[in-house]
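The values are calculated or read from the model by the stated rules, or taken from the named source; none is laboratory data. Remember, it's a predicted structure, so these values are computed and weren't measured experimentally. Cβ placement follows ideal geometry from the backbone for every residue including glycine, while neighbour counts extend to all protein chains displayed. Accessible surface areas use protein heavy atoms only, side chains included; no ligands, DNA or RNA. Shrake-Rupley method; radii C 1.70, N 1.55, O 1.52, S 1.80 Å.
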Amino acid sequence: MTLLLFALASLSPSLQEAEAPKPWFREGAQESGFVYTYRSGAGTGFHFPEIMGGGVGLLDYDNDGWLDIYVLQGGELVEDEGDVVTTENKLFRNLGNGKFEDVTAAAQVGHMGYGMGIACGDYDRDGDTDMFLTNVGNNVLYQNQGDGTFKDVTKEMQVEDVRWGTSAAFVDIDGDRNLDLFVTNNLGWSASTEVECFNYYGEPDYCSPNNYNAPSSDLLYKLGRLSYSNLTTIAGVDLAFGNGLGVAIGDYDNDGDADIYVANDATPNVLWTNDGKGKFKDLGLIKGCAVNGNGTPEAGMGVQFVDVDMDGDLDLFMTHLRRETNTFYLNSRGRFRDRTAMTGTGNTSLAFTGFGMGFQDFDLDGLLDLYVVNGAVQAWKENERFDPKDPYAEPNHLFQGKGGTKFEEVPHGGVAGNPIATSRGAAFGDLDNDGDVDIVIINRDAPASLLWNEAPRRGGWIGFVCKDSKSHFTPGARVEVRFGKDQKLYRVAEPAYSYLSSNDPRAHFGLGMDAEGKPYGEVTDVIVTWPNGDQESFGAQPVGAYHTLMWGRGTKLGE
């Protein structure tokens with residue numbers, strides 16, 4: 001035994017490294033030309049918005065088949081005047097060879113405001129992707145002109161709002177195939193309302209939202225013939241107040257219309273249940289997802305509607321504050337139960353503050369994995385900090401799916417070197433079109449991250465773009481793939497999830513291996529449930545490619 005222990009202890013460093021698990025992701029922002037830092041303006045005080053931004057959007061703005069990156073910029077919140085001093089947002093064009101170039105000036109999208117979040121969608125149904133930006137102050141709607149440029153149409157489309165907007169989503173609320181707009185608002189903040197607060201250790205620090213006692217209502221805009229109209233009151237969305245941060249869109253009750261879930265910070269979350277005609281009721285408490293299993297409101301940040309247990313209905317996952325777990329709500333026939341303990345992620349998340357997050361099958365084994373980016377909102381004690389230069393920095397987390405609702409942590413967030421930062425927005429998408437999902441992360445006052453997926457592949461893949469009969473992308477389509485011996489997987493082609501961010505609009509599937517250890521060569525059927533509840537079958541499809549599915553071109557089911 002002594003000899004064995006000596007032999008193990010004397011392994012060469014190279015052999016020990018060889019036996020270490022291969023990282024799932026490689027940091028590649030700098031080498032790719034995606035060079036950007038979100039500036040919070042921290043240093044002149046503890047202004048609450050400084051600790052919350054910012055977001056990132058993935059969109060193919062020029063329709064060349066490659067996802068581009070849009071990032072929002074913060075700035076400095078000037079207390080004396082209540083104004084914002086900032087630099088411009090940035091658009092990085094994907095060149096298709098692992099490189100990006102800054103095309104902000106050419107695209108005319110360098111808005112200057114204290115930026116927070118982004119929603120991407122083709123609201124004018126002309127075949128290209130538009131952008132809606134939220135700010136501390138006036139929001140902005142950029143209309144894509146189709147020639148590589150954008151136009152600020154905020155005023156003419158009547159979507160100005162001076163409150164503190166956070167996450168937003170384009171969503172068809174009544175099945176007319178027009179993209180309406182939902183905007184989540186945080187508390188009613190201004191520099192004049194700022195108060196003095198202290199952290200766990202008695203040091204001056206950022207406040208809890210409850211210190212301001214100023215929850216806000218969210219906004220719902222209905223798209224008309226010429227512009228948007230504010231439908232907030234008519235739709236009933238003004239009947240709930242909170243400190244809104246994250247938003248997710250999904251038909252949780254499978255009744256054929258889009259429901260809206262808002263993750264609120266330190267106030268009960270809101271589940272806006274759609275009646276199919278554009279009217280909403282908050283059923284969060286009744287349906288079991290307004291508070292956690294102990295009946296306590298939590299600090300909701302990032303959120304996603306996702307079918308974790310692959311039973312055909314949408315579950316919920318949400319990130320939270322340090323000393324709270326990230327929370328998993330299991331959907332059972334339209335009712336939610338806090339089943340965080342089932343996932344194996346709860347204890348890991350207790351010591352950290354989660355923001356952006358996303359479920360994706362990163363290793364293509366047919367099981368969803370989970371990535372969560374972290375960053376504190378109150379400083380760590382000096383001798384406990386992960387980064388001595390950044391008291392809010394925390395490591396991120398990667399959890400490998402083990403089947404059903406079970407997950408297992410992957411060391412170092414799956415990234416070589418275990419990078420530490422104060423991370424906020426995170427967007428998920430296949431940036432190099434190689435069939436696996438990459439990640440873009442916004443870090444507060446530090447360079448943004450671009451994580452190229454290099455996870456060991458454990459199977460094949462397939463992906464889908466869902467469009468209407470006029471070839472316009474249709475968010476909210478639910479895609480079911482069938483393959484092998486009665487195997488089924490479900491995804492939603494929906495960019496609105498995570499935190500302040502807009503994601504790859506394609507539905508992506510890893511498929512794993514067959515009984516002989518070989519990748520599947522095809523899926524035997526693809527069934528799409530469109531946002532109005534229509535179901536169509538598109539038959540067998542070859543793997544290893546992205547396919548376009550068009551509403552009305554499949555075989556209609558249920559007739």
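Taking every alpha-carbon pair within the stretch 193-335, the share separated by more than 23 Å comes to 40 percent. Largest first and in whole Å, the equivalent-ellipsoid semi-axes of the stretch 493-536 read 27, 18, 6, each the square root of five times a Cα gyration tensor eigenvalue.
Listed by chain and number, the lysines whose C-alpha is less than 25 Å from the C-alpha of LYS488, apart from same-chain residues fewer than 8 away, are LYS402, LYS406, LYS467, LYS518, LYS556. For the stretch 85-93, 3J(HN,Hα) computed residue by residue from phi via the Karplus equation (6.51, -1.76, 1.60; θ = phi - 60°) reads 9, 8, 10, 7, 5, 9, 10, 10, 7 Hz, glycine and proline entered as x. Per residue, the chain exposes 38 Å² of solvent-accessible protein surface, assessed with a 1.4 angstrom probe and all protein chains in place. Looking at the P(r) of the stretch 186-277, how many percent of alpha-carbon pairs lie beyond 16 Å? Percent of Cα pairs beyond 16 Å in the stretch 186-277: 65. Projecting the alpha carbon convex hull of the stretch 35-152 along each direction and taking the average yields 7.4 nm². The GluC sites (Glu not before Pro) of the stretch 69-167 that DSSP puts in a loop, and whose beta carbon has at most 14 other beta carbons within 10 Å, are GLU79, GLU81, GLU156, GLU160. Under the combined filter of DSSP loop state and at most 10 neighbouring Cβ atoms within 10 Å, the stretch 496-551 retains these GluC sites (Glu not before Pro): GLU516. Once the Cβ-Cβ distance of LYS406 and ASP255 is raised to the sixth power relative to R0 = 22 Å, the FRET efficiency obtained is 0.15. Treating each Cα of the stretch 261-398 as one equal point scatterer and applying the Debye formula with no solvent, the log10 of I(q)/I(0) at q = 0.10, 0.14 Å⁻¹ comes out as -0.36, -0.67. In the chain, which longest range has no trypsin sites (Lys or Arg not before Pro) that are both DSSP loop (not H, G, I, E or B) and surrounded by at most 14 other Cβ atoms within 10 Å? It runs 1-98.
A straight chain from ASP434 to GLN108 at 0.36 nm per residue would run longer than the Cα-Cα distance by 114.4 nm. Of the Cα atoms belonging to the stretch 440-549, the radius of gyration and Dmax stand at 15.9, 50 Å.
Given R0 = 30 Å, the distance between the Cβ atoms of THR555 and ASP64 translates into a calculated FRET efficiency of 0.40.
Taken about its Cα centre, the stretch 417-557 carries a charge dipole of roughly 300 debye when the Cβ of each Lys and Arg holds +1 and the Cβ of each Asp and Glu holds -1. Projected onto their three principal axes, the Cα atoms of the stretch 509-559 cover extents of 38, 20, 15 Å, largest first. Between ASP514 and SER192, what is the FRET efficiency for a Förster distance of 60 Å, r being their Cβ-Cβ separation, to the nearest 0.05? E(calc), rounded to 0.05, equals 0.40. About its Cα centre, what dipole magnitude does the stretch 245-346 give when the only charges are +1 on Lys and Arg Cβ and -1 on Asp and Glu Cβ, stated in debye to the nearest 20? I would put it at about 340 debye. Taking the chain, the Cys residues with no second Cys beta-carbon under 4.7 angstrom are CYS120, CYS289, CYS466.
Projected label points at GLU160 and VAL78, each 7 Å from Cα along the beta carbon direction, are separated by 2.1 nanometres. Seen from every direction in turn and averaged, the convex hull around the alpha carbons of the stretch 340-387 projects onto 4.6 nm².
About its Cα centre, the dipole of the chain is roughly 920 debye, where the only charges are +1 on Lys and Arg Cβ and -1 on Asp and Glu Cβ.
Along the chain, the longest continuous region that contains none of the chymotrypsin sites (Phe, Trp or Tyr not before Pro) in a DSSP loop with at most 12 other C-beta atoms within 10 Å is 202-559. Considering the dipole of the chain built from charges on the beta carbon (Lys and Arg +1, Asp and Glu -1) around the Cα centre, which of GLY98, ALA263, LEU187 is farthest to its positive end? Selected residue: ALA263. Contact order, relative form, for the stretch 171-213: 25 percent (alpha carbon pairs under 8 Å, 6 or more residues apart, mean separation divided by residue count). Take every pair of alpha-carbon atoms less than 8 Å apart whose residues are at least six positions apart; their mean separation over the length of the stretch 297-394 yields a relative contact order of 20 percent. Projecting the Cα positions of THR405, GLY375, PHE386 onto the charge dipole of the stretch 370-410 (unit charges on Cβ atoms of Lys, Arg, Asp and Glu, taken about the Cα centre) puts THR405 furthest along the positive direction. Between ASP147 and ASN294, the simple spin-label model (points 7 angstrom out along Cα→Cβ) gives 5.9 nm.
For q = 0.09, 0.13 Å⁻¹, what log10 I(q)/I(0) does the stretch 99-256 give under the Debye formula with an equal point scatterer on each alpha carbon and no solvent? Relative scattering, expressed as log10 I(q)/I(0), comes to -0.36, -0.69. Rg to Rh for the stretch 133-184: what is it, with Cα atoms only and Rh by Kirkwood? Radius of gyration over Kirkwood radius for the stretch 133-184 works out to 1.00. When the charge dipole of the chain is built from unit charges on Cβ atoms (+1 for Lys and Arg, -1 for Asp and Glu) and taken about the Cα centre, the candidate among VAL71, VAL247, TRP164 whose Cα reaches farthest toward its positive end is VAL247. Stretching the chain fully between ASP238 and GLU522 yields a gain of 97.5 nm (0.36 nm per residue, less the alpha carbon separation). Among rounded, prolate and oblate, which fits the stretch 400-492 when a ≥ b ≥ c are the square roots of the eigenvalues of its C-alpha gyration tensor, a/c under 1.5 means rounded, and a/b larger than b/c means prolate? Oblate, because a/c is 1.5 or more while a/b does not exceed b/c.
How many percent of Cα pairs in the chain exceed 35 Å? Of all Cα-Cα pairs in the chain, 31 percent lie more than 35 Å apart.
Protein heavy-atom surface of the chain, 1.4 angstrom probe: 50% of the accessible area is carbon and sulfur, with nucleic acids and ligands not counted.
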